[in-house]
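Quick note: the coordinates plus some simple rules give every number you see, no bench work behind them. Remember, it's a predicted structure, so these values are computed and weren't measured experimentally. Cβ: placed from backbone, ideal geometry, glycine included. Neighbour counts: every protein chain shown.
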Amino acid sequence: MTRLFAAGLAALMLAGFATPVDAEPRFAPIPQAVVADPARDPAHPADMAVFTVPTGGVRVNAMMYLASGDRPHPTMLMLHGFPGNETNIDLMQAVRRAGWNVMRINYRGSWGSPGKFSFAGSRADGEAALAFLRDPANVAKYRIDPSRIVVAGHSMGGFMAADAVAADPKAAGAILIDAWDIGKQKADLVDPTKRKAALEGLRENTPPLAGTSAELLAREIETTSAKLDLEALSARIADRPLLLIGAEHAGAPTTRKLAAAARQAQNSPKGTLTEAYMDTDHSFSDSRIALEAEVIRWLGQFDPASAKVGTPGIPLKAAYDETNPFARIIRGELPIFKVYEDDQVLAFMDYAPAEPGHVLVISKTSKARNLLEISPQDLSRLMAVAARVGQAQVDGLGVAGFTIVQNNGVGQSVPHLHIHVIPRVAGKPLMFVENAKGDPKEIEATAAKIRGAMK
Ligand code: DGP
């Protein structure tokens, strides 16, 4: 994957660059929301709402994944492609896990929504969906933060997203995923050597669509191509944050043209352009995780919490901090559920278990912050206890195995060397993310089982 960043006009002038700055981070972080479920909020759990949206004399089918929590949520409208076989539901769910509401519609005449399908109708439907999110009654009902509404779209939906954002100056930004520049299709339709293939391309997508045909859609493109020009639209929305994602084996050349048009039109410091290109097809078949990560990282500018990437870490080298929680635990200043203790080593339950029964093993005598500082003697004492804890987890909890994790700098939050001993359920992946605190009663009961099985 290659990533390019072009800052807003002001920043570009300051930096003295006329072209985008290649600022590819060597290892772009994967936000936690891509790989891990958030804790359930019992008072305001995540939910799904189904409803219809009035547009063009009909009511089209719509739904919203509601984020948990009672704060007003940033909200993303996701507009599907032509006809929308690729639903991108994994992306919608990941964005919801990141704390966003995510709404979807089916354009009139598509996938069971009433009415006749057309590009003009789809434009109006996208705009109506955005208006629905702005309606004060819906803002209250679905806990929407109207100042942070972003419109995303895939393929034809990319066009519709740009159209909806252009029509609403208050929309916070747009995400165009391998967007289709519909108007550009005219060139193929009017070329006698390409018309047949272009018509076939339209025809194979019409089965889920009502009230239309390849010929009708071709005529609409030919007669309204100026209105369906996505380069012009991209320029119009360049006053706001814009994320363009192109698929190298499909629409990347189009995305690069849209980026050029947006870059040229940038007329506001708020208009930041972010481009990402992925080595995949139009459905992002090989890059679903990368797609989700890219979108959620970008959404972080509107809501930093949503792009959280777990424990970023602490410096590898620093003086020992006597106030760190494990130093306090050794001094008896913080309560723990103890599993094992001898003159040098203490094993106790992690209060935020990656898996029930997660134990931490620490030295009571060494001030090593990490593996680079500990003596081989101290380390061997720790590992001997870690092995016994692992055996006790297998015997006491009935798990199939255990995994040892030991973070140094990156991923480390407590600056006192500790060995994680994590019970493993066969076939269940271990997530390297910041876990929510567990229920103390359950942790205490698990500790008793492990303690009882220690040999
Ligand atoms: P690491 O991210 O590798 O530094 O792991 C630190 C772990 O320690 C993390 O899983 C949460 C846990 N932890 C942090 N503070 C406390 C505490 O005060 N008590 C207990 N029981 N666990 C703690």
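Is any residue of the stretch 329-362 close enough, with backbone N under 15 Å, to a label point placed 7 angstrom from the Cα of Ala384 along the Cα-Cβ axis, and if so, which?
341-347, 362, by backbone N distance to the label point.
How many percent of DSSP beta bridges within the stretch 52-153 run antiparallel, rounded to 5? Mind showing how you got there, number by number?
Numbers: 8 of 18 bridges.
The antiparallel proportion sits near 45 percent.
Across the stretch 289-301, in residue order, what do the Karplus-derived ³J(HN,Hα) couplings come to in whole Hz, using 6.51 cos²θ - 1.76 cosθ + 1.60 with θ = phi - 60° and x for Gly and Pro?
Per residue, the Karplus-derived 3J(HN,Hα) values read 5, 4, 4, 4, 4, 4, 5, 5, 4, 5, 5, x, 5 Hz.
For the stretch 155-161, take each phi angle, set θ = phi - 60°, evaluate the Karplus expression 6.51 cos²θ - 1.76 cosθ + 1.60, and give the result in whole Hz per residue in order, putting x for glycine and proline.
6, 4, x, x, 4, 5, 5
Between Ser147 and Lys184, what length in nm is gained on full extension when 0.36 nm per residue of separation is reduced by their alpha carbon distance?
Values: separation 37, 0.36 × 37 = 13.32 nm, distance 3.30 nm.
10.0 nm is the gain from fully extending Ser147 to Lys184.
Between Ser213 and Thr365, take the C-beta separation as r, use R0 = 60 Å, and let me know the FRET efficiency to the nearest 0.05. Working shown, then result.
Details: r = 80 Å, r/R0 = 1.33.
So, using R0 = 60 Å, E works out to roughly 0.15.
Taking only DSSP H segments of four or more residues, each worth -39500 (n - 2.57), what value at 222 nm results for the chain once the sum is divided by all its residues, to the nearest 500 deg cm²/dmol?
On the way: 15 runs with 152 residues, N = 455.
Taking each H run of at least 4 residues, the total per residue is -10000 deg cm²/dmol.
Only residues of the stretch 338-352 count here: report those whose backbone N is under 18 Å from the spot 7 Å along Cα→Cβ of Ala436, or say none.
Label zone hits: 350-352.
Work out, step by step, the length gained on full extension between Asp41 and Lys227: first 0.36 nm times the residue separation, then minus their alpha carbon distance; give nm to one decimal. Don't skip to the answer; put the middle values down first.
Numbers: separation 186, 0.36 × 186 = 66.96 nm, distance 4.49 nm.
Full-extension gain reported as 62.5 nm.
Taking other Cβ within 10 Å of each residue's Cβ, how do Lys184, Lys141 sort, fewest first?
Numbers: Lys184 16, Lys141 13.
Ranked by crowding around the Cβ, least crowded first: Lys141, Lys184.
In degrees between 0 and 90, to the nearest 10, how far off the longest principal axis of the chain does helix 214-223 point, with axes built from Cα atoms?
Tilt relative to the chain: about 70 degrees.
Restricting the count to DSSP beta bridges whose residues both fall in the chain, what percent are antiparallel, rounded to a multiple of 5?
Values: 37 of 62 bridges.
DSSP beta bridges in the chain are roughly 60 percent antiparallel.
Measure up Lys196/Lys257; Lys186/Lys227; Lys184/Lys227; Lys364/Lys449; Lys428/Lys449; Lys308/Lys441 against 19 Å on the Cα-Cα distance and list the ones that go over. Before the final figure, lay out the partial values.
Details: Lys196/Lys257 26 Å; Lys186/Lys227 12 Å; Lys184/Lys227 11 Å; Lys364/Lys449 23 Å; Lys428/Lys449 21 Å; Lys308/Lys441 28 Å.
The pairs that break the limit, which is 19 Å between Cα atoms, are Lys196/Lys257; Lys364/Lys449; Lys428/Lys449; Lys308/Lys441.
So how do His358, His420, His282, His249 line up by other beta-carbon neighbours within 10 Å, fewest first? Write out the running numbers ahead of the final one.
Numbers: His358 23, His420 19, His282 16, His249 13.
Listing His358, His420, His282, His249 from fewest to most nearby Cβ atoms yields His249, His282, His420, His358.
Quick one: helix 440-453 against the long Cα principal axis of the chain, what's the angle to the nearest 10°, folded into 0 to 90?
Relative to the chain, helix 440-453 is tipped by roughly 50 degrees.
If you place +1 on the Cβ of every Lys and Arg, -1 on the Cβ of every Asp and Glu, and leave all else neutral, what size is the dipole of the stretch 61-154 about its Cα centre, to the nearest 20 Debye? Present the calculation step by step, with values, prior to reporting the outcome.
On the way: 11 positive and 7 negative charges, 23 e Å.
It works out to roughly 120 debye.
Over the residues of the stretch 151-250, compute the C-alpha Rg and express it relative to 2.2 N^0.38 Å.
Values: Rg = 14.3 Å, N = 100, 2.2 N^0.38 = 12.7 Å.
Dividing the Cα Rg of the stretch 151-250 by 2.2 N^0.38 Å gives 1.13.
Would you mind computing, in nm to one decimal, how far apart the modelled labels at Asp191 and Glu322 are, each placed 7 Å from Cα along Cα→Cβ?
7.7 nm
Using Cβ counts within 10 Å as a stand-in for footprinting exposure, how do Ile329, Ile149 rank, fewest first? Intermediate results must be reported in sequence, preceding the final value.
Values: Ile329 20, Ile149 26.
Taking fewest neighbouring Cβ atoms as first place, the list is Ile329, Ile149.
Taking amide H positions as placed in the peptide plane 1.01 Å from N, state which residues far from Ile144 in sequence (5 or more) or on other chains have amide H under 5 Å from it.
Here His73 satisfy the definition.
Based on alpha-carbon centroids, what's the gap between the stretch 310-327 and the stretch 151-181 in Å, whole number please?
If you average the Cα positions of each part, the centres end up 44 Å apart.
In terms of modelled amide H atoms, which long-range or inter-chain residues lie less than 5 Å from the amide H of Val345?
Lys364
Output needed for the chain: three equivalent-ellipsoid semi-axes, defined as square roots of 5 times the C-alpha gyration tensor eigenvalues, in descending order, whole Å. Provide the component values of the computation, followed by the final result.
On the way: eigenvalues 525, 115, 77 Å².
That gives 51, 24, 20 Å for the three semi-axes.
Apply the Karplus parameterisation 6.51 cos²θ - 1.76 cosθ + 1.60, with θ equal to phi minus 60°, to every residue of the stretch 342-353 and state each ³J(HN,Hα) to the nearest whole Hz, in sequence, with x for glycine and proline.
With coefficients 6.51, -1.76 and 1.60, one gets 9, 5, 10, 10, 10, 10, 8, 6, 5, 6, 10, x Hz.
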